[in-house]
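What follows is a short report on a single structure.
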Amino acid sequence: MDDINKKTKEELMRDMKPTGVYLDSLTGFADLLGTIRQAENAAKELIDETSEFPMQKPSTKKPIKDRSTEEKEDNPESTTPQTSDKQAKETAEPEKTQEELLEILDALVGLENIKQSVKSLINYVKVRKIREENELPNPPLSLHLVFTGNPGTGKTTVARILSELYKAIGVLSKGQLVEVDRSGLVAGFVGQTALKTSEVIESALGGILFIDEAYALAPEIGTGNDFGREAIETLLKMMEDNRDDLIVIVAGYDEPMERFITSNPGLESRFNRYFFFEDYNSEQLYDIFDALCIKSEYLLTDDAKDYAREHFRILYEERDYNFGNARHVRNFFENIVAVHSDRVSKLDGHTRDDLTMVICEDLEKAAEM
């Protein structure tokens, strides 16, 4: 670019003539601006544009999909390029139908009582809408739910299916699931909690707000200063203000959740439907484990399968208050993959069988981790 500045007007115009009529017009442009210097600056900018940009190769990188989408569902920090509404509609996955969502629900391992409860609730809502269309009265209905049970029993998974089901039958306008816990609602100073809670709830409008370990918002009396109650009051107000397009699900252990609901009359009146998520039994734990192996294309030897079944049997029979259910299965599977990788990496050659076959020794080492 320094060379351009050193050129005389005549040299500059001579260099530019072969590039076309558009650049030739700079002479007239200089007359219009009134000074040769302005023409030189304009020429410099034009040459920059016509020489630099065509050298750049078209980007082949696909835009990152906005999650909350599965999720965080959920990740406002993403730097995904902005797209038009039309482009978003073209790239978005088609919405699942009610029948497809119920099939996904039925395919979940165990949870038979939950599946039946969800179907009954959906039928109830559908009939209510039909009664409204026929100008028949309906009794008051609260669709806010309490999910109780140990961790890893599928509470979040069912909540996500419910959010899409409610969208499919017209109860919710968007059908997104926003997951949060106490830390996402409560701030450390007076007055900040209400603002923080309001922002989270606004992001959930049109869908379901899922509050995990909700009992942490109402600690037992005598535990000291707490802003959780401010979050509860804000939640109750916004639930009332947006009762036609917001559903809240609170989840956690049985006894703490009972204490939480009874801690505030507003909670008791709004949360009157309970879904109890039972622990998975040993066979169901194995089925979850087997599904993970199949999905990732890992094959177990017969003795490895026997070891896994026995492992889950002992795990279930000796379970305690902190029993992790499917979470333990996922952790166990990830440990197996790590042990398998360590073993295979030491081999001189790697066959397909080496890369897919899991032996009993892999499971034994993983169980010790």
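None of the figures in this text is laboratory data; all of them are computed from the coordinates on show. Not measured: the values here are computed from a predicted model. Cβ sites come from the backbone with ideal geometry, for glycine too, and all protein chains shown count toward neighbours.
Here the Karplus curve 6.51 cos²θ - 1.76 cosθ + 1.60, taken at θ = phi - 60°, turns the phi angles of region 131-136 into couplings of 5, 4, 5, 9, 6, 9 Hz, with x standing for Gly and Pro. For the peptides 145-156, 355-366, 128-139, 295-306, residues were scored by their other Cβ atoms within 10 Å and the scores averaged per peptide; the highest-first order is 145-156, 355-366, 295-306, 128-139. Let me make sure I get this right: for region 282-368, a, b and c are the square roots of the gyration tensor eigenvalues over alpha carbons, sorted descending. Under 1.5 in a/c it's rounded, otherwise prolate if a/b > b/c, else oblate. Which is it? It comes out prolate by the Cα gyration axes. Please say if region 243-285 is rounded, prolate or oblate, where rounded means a/c under 1.5 for a ≥ b ≥ c the square roots of the C-alpha gyration tensor eigenvalues, and otherwise the choice is prolate for a/b larger than b/c and oblate otherwise? Judged from the Cα gyration tensor, region 243-285 comes out oblate (a/c at least 1.5, b/c at or above a/b). For the pair region 194-253 / region 255-312, the C-alpha centres are spaced 25 Å from each other. Taking 0.36 nm per residue of separation and subtracting the current Cα-Cα distance, fully stretching the chain between A107 and D226 would add 38.7 nm.
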